[in-house]
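Structure, as structure tokens:
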Amino acid sequence: MAFTRTFMQLRPIIAALGRHKVATALIVLQVALTLAVASNALFIVSTRIVHLSRPTSTDEAHLFVIRNGWKLGQTAAQIDANISADLESLRHVAGVRDAFPSQGFPLGGFKDDIILRLKLKPDQKTHGQLVTFFASDGHAIDTLGISLVAGRNFRPDEITVSGPNEKMSPASIIVTRSLADQLFPDGSALGKTVYLPDGPAAIIGILASLQGPLKQSDRLDRYTVLVPTHYLDPAGVVYLVRTDSTAMKPVIAATLKALQERGGVRIIDLKDGIVTMAQVRERAYAEDRSVALLMSILSGLLLLATAGGIVGLSSFWVSQRRRQIGIRRSLGATTGDILRYFHAENFLIVSGGILLGALLAFLANLGLMHVYELPRMPLYVPLLGALLLWLLGQLAVWGPARFAAKVPPVVAIRTE
Amino acid sequence: MWGYYVVLALRSSARSKALTALVIVLLAFGVSACMVSYAVFRATTSDPLPGKSSRLYVPLIDNIGPSYNYLGEPNETLSCMDAMALWHAHKASRQTLLYPTKWQVESDNPSVPAMTETGDAATADFFSMFDVPFRFGSGWTADDDAQHATVAVISRHLNEALFGGQNSVGQEIRLDGQLFRIGGVLEDWNPRPRFFDLGDDVRPFDDVGDIYIPFTRATDMKKDSTFSLCPTDSQAFDESNWDAYLHSECDRIVAWVELATPADVDSYREYLRHYAAEQQRLGRFSWPPNIRLRNLTDWLTFLQVTPRASSLSILVSASFLLIVLVNVVGLMLARFMRRAPEIGVRRALGASRTAIYRQFLVEAASMGFVGGLLGVALTLLGVWGAGALFEPNIARLVHADTSLIALTVLLAIAATVVSALYPTWRAAQTQPAWQIKIN
């Protein structure tokens, strides 16, 4: 009932708007621009939130990383002995659950020695599958807090020795499920042999999930391989340490003290030699967080500004039309009729703006795709934006409309 | 007369407080959003070498070919062979080869523990080409390059740590165990962006390194760059065979040449093309010459040094200001139209159209001024809070200064006056007779 009455009013509304062409056009333009900008900005936010919310799948709350540099002039054998001695003391520090040595860590960023290509056949001519890897031992799975969905962990006798200038040819590797499914889509990865640049390796275990050192590349960061090797880089080693409790400060201090007992062989930068996974995550995603935050704040301001503008102009229209409203009231229009009039009018104007705005939003998206390599904006983003603006318009006009509905009929015969 | 218009503006603002406040607050937010974004943008797009950036060029030669390069672009560094060839050809007035390195530093000072510091291996022209300021001593000479001299230039910061800030020229330090004589100590030098050795682990807004030594000596010491890209499956190379590594197609060296005139640039480009064609003829390249020669400004643009957060925020805040202006046009229109009777009376009493224009534009400008003042406060707040909004190493570059504050107020006034143009024109069209008759 109310709907048909509102509908009947549309013609006089349109006629009335025709008398305020410029003001109407201004609101339409404003709504259109707001929709175009806000939907693109919020779309950018959503793409960044996807990054931010991507888990490393590790037990981040209990993990920290020691970047341990070696003093120069040590042989590979000495470094191997250092690592074994360090692990022995690290694993016995009170509060440490487990630890393992590697050459990288999740979200640690790009280095020369974190990527590999895996081939399915030894004589494969095409590039192998690009993956990232962590040097590991039998403690890696427990330290990272990840889980095997199939197969088994490394045995101590499977741990090899390798280095930046030495061949890495383990007999076995453990891969993530994403990578297993990519290499063997039929799900038969376990037990299969793949070919590292330096030789074949059997897949002995499949991990539920583990993020590699890289971020934001849609799939590569999930194609992670654990290689059973002590990676003897003369530059340094990375120790990943898992603690029992989330209070890591005392444990970090204790591990540092334990390592300094053989301090002559190493250099640990006091500033950023030791970082918790939480800090690693914060640094890795600093740009995403910044973009998401900025775009959200600006979109919020934008919507508020538009709402403010609608309130301002609607109030002005109401004050201009007091006489007209009085006449309608004295001819029998109820307060509800007046309320509906202004809400319907606002709906019409905002709808005009939304039509124009959706077009602008897609044009802007095309431009952004070109400049910032953004994906195409899905249709539901401007639709959601449109809903938001309709709602915002109705809310904004609510105050002025109530004010209009309160105009008494007697205004019609009063000269102001 | 102008003062009188300002008084009129104040009086009319007092009559419609809510509308006035709305316009001022909208303006303040729109302008300050723009100015905060601009403060970040100017910090991230600043020219690291004003006056010189158009003369410094980065030559690139595609030595990996279409099967390894990305979208046809040569790698962003040169192979050692190509870099040495350019170096020996000496076709530019000044040229430098460099790559970022990491050193273990020890001194005779027992109270300073061994530490790891970064820096660059470079050739002698590095310091003069990039206007690097010295506190003590100087850089090394081309002769030192030729002699593979063990001379080092250290930063002021490292000099503080090792020598307590004293003039340490002539003293010695150990880099990776090798003794080096200190030839110079730099003044504080931290160009933004760090343009000269950008790579995978050198990011544009990182601090520059602390140690500079001759390229030739670093190569003798088998010192690798902190990044290198090799056209192999693993993108790495067995560096234990150093000589083979030097003759490999691994890209890791940044070259800079100084070319003063467009003619020099053309002939250098021609030289590069000729060099690449020669390599193709010799069978080393199986693809036609694919070279680039970009000046510093274009180089930074190509590397997309400006963070996305910065350029996106300036884009969105400019749109925000535009929307605010559309809004202000509407609100001004309402404000001015409401005063049609007043305009009618003023016109009837002899005020010209010009006088009406003047009155309403002054009114707009005064509102803009107040909006600008509030905008300055919000801008300062935004700059102060930049640390929460931007990455730490970008946020620390952002600062407010007089020019930013003046620009904020000016932008607010200009924006308001522009958006008041149409409403003022409408106000000036008011027919005095019509207004007086109604009332």
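The values are calculated or read from the model by the stated rules, or taken from the named source; none is laboratory data. Worth saying up front: this structure is predicted, and the values here are computed from it rather than measured. Because the Cβ atoms are built from the backbone with ideal geometry, glycine has one as well, and the counts that use them run over all protein chains shown.
When you scan the stretch A:128-198 for strands (runs of 3 or more DSSP E) that lie fully inside it, which ones turn up with 2 or more residues that are of a type in the set (A, V, I, L, M, F, W, C)?
Details: elements: A:129-136, A:148-151, A:160-162, A:172-176, A:193-196.
In the stretch A:128-198, the matching strands (runs of 3 or more DSSP E) lie at A:129-136, A:148-151, A:172-176, A:193-196.
Return the only residue of A:353, A:357, A:273, A:309 being touching a residue at least 24 places away in the same chain (Cβ under 8 Å), in contact with a strand residue (DSSP E or B) (Cβ under 6 Å, 6 or more places away or on another chain), within 14 Å of chain B (Cβ to nearest Cβ) and not hydroxyl-bearing (Ser, Thr, Tyr).
Numbers: A:353 fails: in contact with a strand residue (DSSP E or B) (Cβ under 6 Å, 6 or more places away or on another chain); A:357 fails: in contact with a strand residue (DSSP E or B) (Cβ under 6 Å, 6 or more places away or on another chain); A:309 fails: in contact with a strand residue (DSSP E or B) (Cβ under 6 Å, 6 or more places away or on another chain).
Only one candidate passes the filter, namely A:273.
Please work out if residue A:326 is at the interface with chain B (Cβ under 10 Å from one of its Cβ atoms), crowded, with 16+ Cβ neighbours inside 10 Å and farther than 30 Å from residue A:235 by Cβ. So that I can check it myself, show each step before the final result.
Numbers: at the interface with chain B (Cβ under 10 Å from one of its Cβ atoms): no; crowded, with 16+ Cβ neighbours inside 10 Å: yes; farther than 30 Å from residue A:235 by Cβ: yes.
For residue A:326, the condition - at the interface with chain B (Cβ under 10 Å from one of its Cβ atoms), crowded, with 16+ Cβ neighbours inside 10 Å and farther than 30 Å from residue A:235 by Cβ - is not met.
Residue A:125 - would you say it is more than 11 Å from every other protein chain (Cβ to nearest Cβ) and either without any contact (Cβ under 8 Å) to a residue 60 or more places away in the chain or touching a Ser or Thr at 6+ places or on another chain (Cβ under 8 Å) (or both)? Even if it seems obvious, please write down each step before you answer.
Details: more than 11 Å from every other protein chain (Cβ to nearest Cβ): yes; either without any contact (Cβ under 8 Å) to a residue 60 or more places away in the chain or touching a Ser or Thr at 6+ places or on another chain (Cβ under 8 Å) (or both): yes.
So residue A:125 passes the test.
Take the stretch B:249-295 and flag every residue that is touching a residue at least 40 places away in the same chain (Cβ under 8 Å) and polar (S, T, N, Q).
B:267, B:279, B:286, B:290, B:295
Could you grab the pairs with beta carbons closer than 7 Å, sequence gap of 6+ or different chains, first residue in the stretch A:49-74 and free of Cβ contacts under 8 Å to residues at least 60 places away in the same chain, second one in a loop (DSSP other than H, G, I, E, B)?
A:73/B:177
When the residues of the stretch A:166-202 are filtered to those that are in contact (Cβ under 8 Å) with a residue 60 or more places away in the chain and surrounded by fewer than 21 Cβ atoms within 10 Å (Cβ to Cβ), which remaining residue is nearest to the chain's Cα centre (by Cα)?
A:183
Taking the stretch A:36-84, which residues are of a type outside the set (Val, Ile, Thr), assigned to a helix (DSSP H, G or I) and more than 32 Å from the chain's Cα centre (by Cα)? Outline the logic, then answer.
Start the filter on the stretch A:36-84 by keeping residues that are of a type outside the set (Val, Ile, Thr), which leaves A:36, A:38-43, A:46, A:48, A:51-55, A:57, A:59-64, A:67-74, A:76-78, A:80-82, A:84.
Now drop any that are not assigned to a helix (DSSP H, G or I), which leaves A:36, A:38-43, A:46, A:48, A:51-52, A:60-62, A:76-78, A:80-82, A:84.
Once the filter is applied, which keeps residues that are of a type outside the set (Val, Ile, Thr), assigned to a helix (DSSP H, G or I) and more than 32 Å from the chain's Cα centre (by Cα), the stretch A:36-84 yields A:76, A:77, A:78, A:80, A:81, A:82, A:84.
Those residues that are touching a residue at least 40 places away in the same chain (Cβ under 8 Å) and either within 11 Å of chain B (Cβ to nearest Cβ) or at positive phi (or both), I need them from the stretch A:113-122; list them, please. Break it down into steps so the answer makes sense when it comes.
Of all residues in the stretch A:113-122, those touching a residue at least 40 places away in the same chain (Cβ under 8 Å) come to A:113-114, A:116-122.
Answer for the stretch A:113-122, where residues must be touching a residue at least 40 places away in the same chain (Cβ under 8 Å) and either within 11 Å of chain B (Cβ to nearest Cβ) or at positive phi (or both): A:113, A:114, A:116, A:117, A:118, A:119.
Which one of these is modelled with pLDDT of 90 or more and surrounded by fewer than 19 Cβ atoms within 10 Å (Cβ to Cβ): B:10, B:60, B:49, B:71?
Working: B:10 fails: modelled with pLDDT of 90 or more; B:60 fails: surrounded by fewer than 19 Cβ atoms within 10 Å (Cβ to Cβ); B:71 fails: modelled with pLDDT of 90 or more.
Selected residue: B:49, the only one of B:10, B:60, B:49, B:71 that is modelled with pLDDT of 90 or more and surrounded by fewer than 19 Cβ atoms within 10 Å (Cβ to Cβ).
Could you give me the residue pairs with C-beta distances under 6 Å whose first residue belongs to the stretch B:316-333 and is more than 7 Å from every other protein chain (Cβ to nearest Cβ), whose second residue is among the polar types (S, T, N, Q) wherever it lies, and which are 6+ apart or on separate chains?
Here the result reads B:325/B:419; B:328/B:419, each pair linking the stretch B:316-333 to a residue that is among the polar types (S, T, N, Q).
Can you name every residue in the stretch B:296-315 that is more than 30 Å from residue B:30 (Cα to Cα) and either free of Cβ contacts under 8 Å to residues at least 60 places away in the same chain or surrounded by 17 or more Cβ atoms within 10 Å (Cβ to Cβ) (or both)? Full working, then the answer.
Our first condition is that a residue be more than 30 Å from residue B:30 (Cα to Cα); within the stretch B:296-315, this holds for B:296-299, B:302-303.
If the condition is that a residue be more than 30 Å from residue B:30 (Cα to Cα) and either free of Cβ contacts under 8 Å to residues at least 60 places away in the same chain or surrounded by 17 or more Cβ atoms within 10 Å (Cβ to Cβ) (or both), then B:296, B:298, B:299, B:302 are the ones that fit.
Listed residues B:158, B:175; which is buried (at least 22 other Cβ atoms within 10 Å of the Cβ), within 14 Å of chain A (Cβ to nearest Cβ) and touching a residue at least 12 places away in the same chain (Cβ under 8 Å)?
Numbers: B:158 fails: within 14 Å of chain A (Cβ to nearest Cβ).
Being buried (at least 22 other Cβ atoms within 10 Å of the Cβ), within 14 Å of chain A (Cβ to nearest Cβ) and touching a residue at least 12 places away in the same chain (Cβ under 8 Å) holds for just one of B:158, B:175, which is B:175.
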